[in-house]
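The values are calculated or read from the model by the stated rules, or taken from the named source; none is laboratory data. Here the structure is a predicted model, which means the values were calculated and not measured. Neighbour counts are summed over all protein chains in view; Cβ atoms, including those assigned to glycine, are modelled from backbone coordinates with ideal geometry. Ligands, DNA and RNA are stripped out before the accessible areas are found, and what is left, the full protein with its side chains, is counted by its heavy atoms. Shrake-Rupley method; radii C 1.70, N 1.55, O 1.52, S 1.80 Å.
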Amino acid sequence: RIVSEETVALVRRLQPYARGSYAARDHQPSVDLSRWVRRLTTEVICRIAFSKRLGLVTGKQPEGEEVDETLLMSDSLQRFLGNAGRVGRYQPIFQALSDVAQGTPLRSVVPEDMSSSIPGLTQLNKDTEIMDRYEKMLIAKRRGAQQDAANSQEDATNSQDLGTDLLGKMMQTHVAGSASPLSDADVQANVREAFVAGSETTGAAIAITLHQIACNPRIEWLVRKELREVLGDKAVPDHDNLDKLTYLKLCIRETLRLYPSAHVFGRRAEEDIEVGGYLIKEGTSVLMSPYYLGRDETQWGTDAHLYRPERHLPTDARAATRSKFAWMPFGAGPRMCLGASLAMTEATVCVAGMMQNFKVTPLASRLKYDYLITIELEDGIPGVCL
């Protein structure tokens with residue numbers, strides 16, 4: 001319901017930019033699709049996980065005493081991953097340069113502390129402080145509401161009801177095998193994880209799917225045909241429509257094959273194990289790349305570089321022999337992404353809603369992207385809506 005509501009809000013927000021509003025084509029402004037869908041995914045995760053409205057899609061600022069903190073938080077959240085990735089990329093270089101300069105003439109020109117020169121670090125520290133303060137405020141307000149409820153009841157047995165959203169559930173969760181609940185620090189760490197992982201990654205997947213469909217006329221025709229058959233005149237799909245949008249889901253899977261949100265993630269071996277003739281010792285950290293796996297020609301064929309949604313059908317020529325781990329954008333096993341189902345639902349509803357109401361035309365056929373922590377669309381995805 002929340003995803004559908006925010007998708008309707010996004011369609012309404014973009015209507016003034018549509019071509020029908022402009023007498024001349026040259027007067028029509030472009031919109032950055034990635035920016036707008038990132039607003040949507042940020043709003044969705046905040047509503048679902050923390051019962052907070054930021055007003056990023058509707059443009060209506062939230063009411064209440066913490067309006068300024070909420071707006072600061074939303075700005076910080078949308079910068080956080082990019083700057084964290086830049087710091088992670090450049091910090092080792094700056095540290096190595098500083099180490100090399102020790103005891104050499106370079107010390108006279110290389111400052112003792114080079115951290116201020118690391119791209120994005122100053123802003124990252126500011127945003128981390130804002131996010132830290134906001135997360136603690138969320139937890140404290142929920143604790144205060146819990147205490148108020150307990151004080152107003154003769155029987156305080158219901159005082160543990162901290163809400164049914166993700167924040168409330170985490171605050172009621174006990175450590176495995178213990179009677180102790182999660183500490184506020186543990187709750188805050190999970191709040192941060194949901195905030196960050198639930199916005200940037202899904203937003204990129206939605207924007208790239210819109211771009212890829214629009215750049216492939218045959219695929220766009222098939223998607224629009226399915227939308228007409230399943231949705232009719234409805235602006236956005238509801239829950240009952242999701243299972244019927246099978247071809248659109250193939251498109252989203254194909255996007256995540258070629259452009260997974262994260263290009264690499266790690267695991268640690270719990271015991272000695274041999275993989276592919278290599279002995280991996282207990283405790284060894286192992287990195288896996290869903291980006292490489294999705295482009296492996298031995299699994300996907302010589303056309304692995306092409307956007308072809310049909311390759312995910314059971315009838316595809318390579319489906320029977322392809323490893324189930326060849327497509328792994330969310331990871332696998334007990335530590336796979338907890339938000340995988342939500343991400344697929346968001347992508348399906350939002351892409352369907354945008355295509356049902358607009359013809360999206362990207363201004364560039366080639367994607368410019370980079371991987372820091374997650375995928376970064378360097379120029380966004382500028383386009384026009386018809």
From the option list L77, L71, L97, single residue qualifying as of a type outside the set (K, R), modelled with pLDDT under 80 and over 30 Å from the mean Cα position of the chain (by Cα) is L97
Residues of the stretch 198-210 being open to solvent by 20 Å² or more (accessible area, probe 1.4 Å) and either farther than 30 Å from A49 by Cα or not polar (S, T, N, Q) (or both), in sequence order, are E200
Flagged in the stretch 167-184 as aliphatic (A, V, I, L, M) and open to solvent by 70 Å² or more (accessible area, probe 1.4 Å), in numbering order, are A176, A179
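This table checks each residue for (1) among the acidic types (D, E); (2) in a helix (DSSP H, G or I); (3) in contact with a strand residue (DSSP E or B) (Cβ under 9 Å, 6 or more places away or on another chain); (4) at pLDDT below 80.
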site: R12; (1), (2), (3), (4): no, yes, no, no
site: S34; (1), (2), (3), (4): no, yes, yes, no
site: I48; (1), (2), (3), (4): no, yes, no, no
site: L56; (1), (2), (3), (4): no, no, no, no
site: Q61; (1), (2), (3), (4): no, no, no, yes
site: G64; (1), (2), (3), (4): no, no, no, yes
site: L81; (1), (2), (3), (4): no, yes, yes, yes
site: G103; (1), (2), (3), (4): no, no, no, yes
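To keep it simple, each residue is scored yes or no on (1) closer than 18 Å to N216 by Cβ; (2) not β-branched (V, I, T).
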{"site": "E310", "(1), (2)": "yes, yes"}
{"site": "W327", "(1), (2)": "no, yes"}
{"site": "P334", "(1), (2)": "no, yes"}
{"site": "C350", "(1), (2)": "no, yes"}
{"site": "N357", "(1), (2)": "no, yes"}
{"site": "P362", "(1), (2)": "yes, yes"}
{"site": "L367", "(1), (2)": "yes, yes"}
{"site": "L372", "(1), (2)": "no, yes"}
{"site": "I375", "(1), (2)": "no, no"}
Pairing a residue in the stretch 334-346 that is modelled with pLDDT under 90 with any residue that is part of a helix (DSSP H, G or I) and among the polar types (S, T, N, Q), where Cβ atoms lie under 9 Å and the two sit 6 or more apart in sequence or on different chains, gives C337/T201; G339/T201; G339/T202
